[in-house]
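Only one structure is covered here, and it is reproduced in the block below.
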Amino acid sequence: MSERKSIHGEWSSGMAFFLAATGSAIGLGNIWRFPYLAGENGGGAFMLVYLACIVLIALPILIAEITLGRRGRESPLNTFRRLALDEGRSRAWAGVGFIGMLSGIIILSFYSVVAGWSLEYIWLSLRGAYQGASADRTDQLFSMLTSSPWQQMFWYTLFLALTLIIVARGVRKGLERAVWIMVPLLFVLLAMLVAYALVVGDAHAAIVYLYSVDFSRLSGHAVLLAMGHSFFTLSLGIGAMIVYGAYMPNRLSIMRAAISVAVADTVVAVLAGLAIFPLLFARHLPVAQGPKLIFASLPAAFGSLPFGFLFGAAFFALLTLAAWTSAISIIEPVVSWLVELGWSRPRSVLAVGSVVWMSSMLIDFSLNVWSGITWQGRTLFDLFNFVSSDIMLPLGGLLIALFAGWVISERSLRQELRMNRGALRLWLWVLRYVTPVGVLLIFLNALGLIRGAL
């Protein structure tokens with residue numbers, strides 16, 4: 001097969017790919033979800049299971065996505081169509097790429113709203129809005145934000161505009177230049193916040209909570225939570241790693257790059273807990289999960305600590321950067337597909353951005369003026385999250401594992417991965433027989449079909 005080239009360009013170096021893929025993988029879940037899950041489910045014991053799941057479930061799919069992307073050199077939808085035809089299979093496999101891109105649009109709809117909250121909290125921090133405030137007061141501040149559709153609209157519109165400007169500039173001038181700045185800055189802010197939390201917070205209590213090994217709290221359900229988070233944390237199933245792989249130079253090692261991204265993502269998740277929980281334990285504040293942890297409990301902690309307004313702003317800047325680097329990778333697969341249809345990149349970006357903005361407006365209104373409109377007890381915010389994260393992503397991940405493991409020939413995989421036969425067959429065995437079972441369990445658990453048995 002003659003060497004294919006992406007019409008969108010490619011990364012200038014291995015470091016550029018690493019920064020882009022790491023930025024895609026590091027998201028809001030690393031910062032607010034993983035530390036809570038670890039602390040509540042056995043600390044170090046949970047982390048050991050999580051690391052095993054990274055190796056057996058997430059990493060094999062990450063390698064597969066990058067490999068498929070570099071092999072096809074197109075958007076996820078066209079990559080699946082092209083590779084299926086190369087192997088003499090049905091072009092209907094293009095539907096896997098469509099599922100991923102649609103998932104990304106849905107995810108970015110509520111992701112933008114949450115990222116907008118982060119931008120608002122940078123401003124609140126700098127003007128000292130929660131200095132000396134109690135947990136009840138910071139909870140009220142967060143409720144005031146979510147109850148105002150126009151205030152939320154301003155912030156998620158700003159976040160989307162910043163994201164679209166980067167993507168509109170293309171691979172080299174937009175995405176690559178952005179990640180060269182944002183991802184190192186993300187790590188600098190994280191290191192600074194960890195140091196601050198360990199100095200002014202209750203480091204001992206946080207370390208015991210997060211990292212002490214307690215297998216008595218490691219239930220079957222906790223194992224499934226570790227499996228699920230390992231899958232979602234690497235931005236799998238949405239086409240981001242496929243399209244980033246399409247821009248990856250042939251000279252780079254896919255295996256080495258994928259392992260580096262998985263390690264960096266895990267390090268951020270582990271360190272994030274040390275930036276948050278020492279502060280909460282020092283002020284005996286409630287350890288909640290999700291938005292309440294970040295936008296209610298944590299501001300109360302920062303508000304009572306020295307230079308809390310400054311480090312609070314740094315924390316929400318960290319959160320914004322994590323969301324921003326993920327957002328550009330989520331939107332890029334759909335933009336690249338439209339460009340391949342013959343649209344200009346600016347027109348493609350504007351079209352996709354308009355769809356996401358209108359979907360975000362639905363999410364916005366579901367938190368206030370339409371909060372009474374629910375389906376099976378779920379608001380639109382909850383429903384978008386459930387459909388994309390709990391149904392479409394695991395389904396996409398399962399189909400990707402099956403496609404790479406059973407449809408693509410071993411010869412084609414060897415040409416991209418350049419691994420020795422033994423290592424290739426070990427990875428293929430895991431991808432074919434272990435990974436699909438793990439993703440299927442994640443899928444069934446998300447649907448609530450196996451929780452009662454644990």
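The values are calculated or read from the model by the stated rules, or taken from the named source; none is laboratory data. Values in this document were obtained by computation on a predicted structure and should not be read as measured data. FYI the Cβ positions are ideal-geometry reconstructions off the backbone, even for glycines, and counts take in every protein chain you see. Surface areas here come from the heavy atoms of the whole protein model, side chains and all, with no ligands, DNA or RNA. Shrake-Rupley method; radii C 1.70, N 1.55, O 1.52, S 1.80 Å.
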With criteria (1) open to solvent by 60 Å² or more (accessible area, probe 1.4 Å); (2) touching a helix residue (DSSP H, G or I) at 6+ places or on another chain (Cβ under 7 Å); (3) over 24 Å from Y50 (Cβ atoms), F381 comes up short on (1)
Could you tell me which residue of segment 248-271 is farthest from the chain's Cα centre (by Cα), considering only residues that are charged (D, E, K, R) and open to solvent by 10 Å² or more (accessible area, probe 1.4 Å)? R251
In the list L274, L236, L279, which residue meets the criterion of being over 28 Å from W93 (Cα atoms), at pLDDT 90 or above and crowded, with 24+ Cβ neighbours inside 10 Å? L279
Got a sec? Which helices (runs of 4 or more DSSP H) wholly within segment 357-454 have at least 1 residues that are at pLDDT below 90 and under 30 Å from R71 (Cβ atoms)? 393-402, 421-429, 435-446
Please identify the pairs in which a residue from segment 292-308 that is under 13 Å from Y121 (Cβ atoms) has its Cβ atom under 6 Å from the Cβ atom of a residue that is open to solvent by 10 Å² or more (accessible area, probe 1.4 Å) and of a type in the set (D, E), counting only partners at least 6 apart or on another chain. A296/D139
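Does E332 satisfy the condition of being in contact (Cβ under 8 Å) with a residue 60 or more places away in the chain and over 22 Å from the mean Cα position of the chain (by Cα)?
Details: in contact (Cβ under 8 Å) with a residue 60 or more places away in the chain: yes; over 22 Å from the mean Cα position of the chain (by Cα): no.
For E332, the condition - in contact (Cβ under 8 Å) with a residue 60 or more places away in the chain and over 22 Å from the mean Cα position of the chain (by Cα) - is not met.
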Closer than 22 Å to L108 by Cα, among the small types (G, A, S) and open to solvent by 10 Å² or more (accessible area, probe 1.4 Å): is that true of A327 in this structure? no
Can we say A423 is open to solvent by 20 Å² or more (accessible area, probe 1.4 Å), of a type in the set (A, V, I, L, M) and over 28 Å from Y111 (Cα atoms)? yes
Out of the residues in segment 141-179 that are over 18 Å from I122 (Cβ atoms) and hydroxyl-bearing (S, T, Y), which is least open to solvent (accessible area, probe 1.4 Å)? S143
Looking at segment 246-266, I want the residues that are touching a residue at least 24 places away in the same chain (Cβ under 8 Å) and have a partner that is aromatic (F, W, Y) and not in a loop (DSSP other than H, G, I, E, B) with Cβ atoms under 7 Å, at least 6 apart or on another chain. Which pairs are those? M248/F17; L252/F17; A257/F17; A257/F18; S260/F18; V261/F18
Identity of the residue in segment 90-127, polar (S, T, N, Q) and closer than 30 Å to I408 by Cβ, that ends up surrounded by the most Cβ atoms within 10 Å (Cβ to Cβ): S103
For S348: the one exception among (1) touching a residue at least 60 places away in the same chain (Cβ under 8 Å); (2) closer than 22 Å to I166 by Cβ; (3) of a type outside the set (F, W, Y): (1)
Condition met for I373 (under 24 Å from A240 (Cβ atoms) and surrounded by fewer than 17 Cβ atoms within 10 Å (Cβ to Cβ)): no
Condition (residue is of a type outside the set (S, T, Y), under 15 Å from A322 (Cα atoms) and open to solvent by 40 Å² or more (accessible area, probe 1.4 Å)) applied to segment 203-215: is it met by at least one residue? no
Of the residues that make up segment 224-232, is at least one open to solvent by 60 Å² or more (accessible area, probe 1.4 Å) and over 30 Å from R71 (Cβ atoms)? no
Could you say whether any residue in segment 128-137 is in a helix (DSSP H, G or I) and open to solvent by less than 30 Å² (accessible area, probe 1.4 Å)? no
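Looking for whichever is closer than 21 Å to V171 by Cβ and small (G, A, S) here; the options are S230, S253. Which one fits?
Of the residues listed, the single one that is closer than 21 Å to V171 by Cβ and small (G, A, S) is S253.
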